[in-house]
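Worksheet: one structure, shown below.
The values are calculated or read from the model by the stated rules, or taken from the named source; none is laboratory data. Predicted model, so just to flag it, every value in this text is computed and none were measured. Don't worry about glycine lacking a Cβ; one is built from the backbone with ideal geometry, like all the others, and counts go over all protein chains shown. For accessibility, only protein heavy atoms count, side chains too; no ligands or nucleic acids. Shrake-Rupley method; radii C 1.70, N 1.55, O 1.52, S 1.80 Å.
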Amino acid sequence: MKPILSKPQLGYSKAKRKFEDRSKVLEKRIEEIAKEQEVTQLVMEGLVIETGFHQAFNDLRDAENELIEWSHNTMKHEKEYKDNKQAIDDMYLKLNSDPKMRSRIIQLAMRVR
């Protein structure tokens, strides 16, 4: 049986799939262009917009932020949070300065039921 996911978890999953799809499209376009011309910064910027990669990245970041906020609020009702409040809050404080911590929090947030 599939686990029931919250709205932020579903939104993150959808945004992640879209980002991965747009990434593949971007890679393919870069390969195509590279056969014809040099891929300069200007060309790359155009491809990022043209393929929807930029918007997909922004949507993913927004979905991550929503998921993180939801998980933090949801955890506050758990006994484990109350027992380890300072350590957990410190993790959330580091998420904008430590990419590994952000990734770890997102992974944990996707396991919350």
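A few notes on this one:
- Cβ charges +1 (Lys, Arg) and -1 (Asp, Glu), total dipole of the chain, debye: 700
- Pairs of C-alpha atoms in region 29-113 farther apart than 23 Å represent 44 percent of all such pairs.
- The slack in the chain from Asp83 to Glu20, taken as 0.36 nm per residue of separation less the alpha-carbon distance, amounts to 18.9 nm.
- Here Glu80 sits with roughly 140 square angstrom of accessible surface, probe radius 1.4 Å.
- Per atom type, the chain shows carbon and sulfur on 53% of its accessible surface, probed at 1.4 Å.
- Relative packing of peptides 81-92, 64-75 - highest average C-beta neighbours within 10 Å first: 64-75, 81-92
- Residues of type lysines that Lys28 reaches as a straight line, Cα spacing below 22 Å, ignoring anything fewer than 8 places off in the same chain: Lys14, Lys16, Lys18
- Multiplying the residue separation of Asp62 and Glu45 by 0.36 nm and subtracting their alpha-carbon distance yields 4.0 nm.
- Modelled FRET efficiency - R0 35 Å, Lys94 with Ile4, Cβ distances, 0.05 increments: 0.75
- Rounded to whole Å, sorted largest first: equivalent-ellipsoid semi-axes of region 15-79, Cα gyration tensor: 36, 10, 7
- Positive-end residue of Leu42, Pro8, Ala56, charge dipole of the chain with Cβ unit charges: Pro8
- On Cα atoms only, tilt of 99-109 relative to the major axis of the chain in degrees: 60
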